[in-house]
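Participant: Would you mind keeping the following structure in view while I ask a few things?
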Amino acid sequence: MTSKLLTIRDVANYFNITEKDVVDLAESGIIPAYKVGGLYLRFKKEQLEQARAKIKPNQALVSIEGTVD
């Protein structure tokens, strides 16, 4: 049985971060994402659970990546 793919909003709620942060995390490769129709990002919950340890709620992307400018 295949699992439902999550939307950007679903992931933002799951991690308690903004939708922009979700897109930034996906584009940087911190969380795995899939493009549907080449346009819309979707996510597998199982993979997000594995990446959850890297992501802290209400934290800026630069802090998540461990770099500070």
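Participant: Where the second residue is of a type in the set (Asp, Glu) and open to solvent by 70 Å² or more (accessible area, probe 1.4 Å) and the first is at pLDDT 90 or above and lies in the stretch 16-29, which pairs have Cβ atoms under 7 Å and are six or more apart or on separate chains?
Facilitator: Ser28/Glu65
Participant: Could you list all residues from the stretch 41-54 that are open to solvent by 50 Å² or more (accessible area, probe 1.4 Å) and either closer than 13 Å to Asp21 by Cβ or touching a residue at least 12 places away in the same chain (Cβ under 8 Å) (or both)?
Facilitator: Scanning the stretch 41-54 gives Arg42, Lys44, Lys45, Glu46, Gln47, Arg52, Lys54.
Participant: While we're here: Can you name the residue in the stretch 1-32 that is open to solvent by 60 Å² or more (accessible area, probe 1.4 Å) and assigned to a loop (DSSP other than H, G, I, E, B) and, of all such residues, is nearest to Lys45 (Cα to Cα)?
Facilitator: Lys4
The values are calculated or read from the model by the stated rules, or taken from the named source; none is laboratory data. Treat the numbers as computed from the prediction; the structure is a model and nothing was measured. In this analysis, Cβ positions are derived from the backbone assuming ideal geometry, glycine residues included, and neighbour counts consider all displayed protein chains. Side chains included, ligands, DNA and RNA excluded: accessible areas come from the protein's heavy atoms. Shrake-Rupley method; radii C 1.70, N 1.55, O 1.52, S 1.80 Å.
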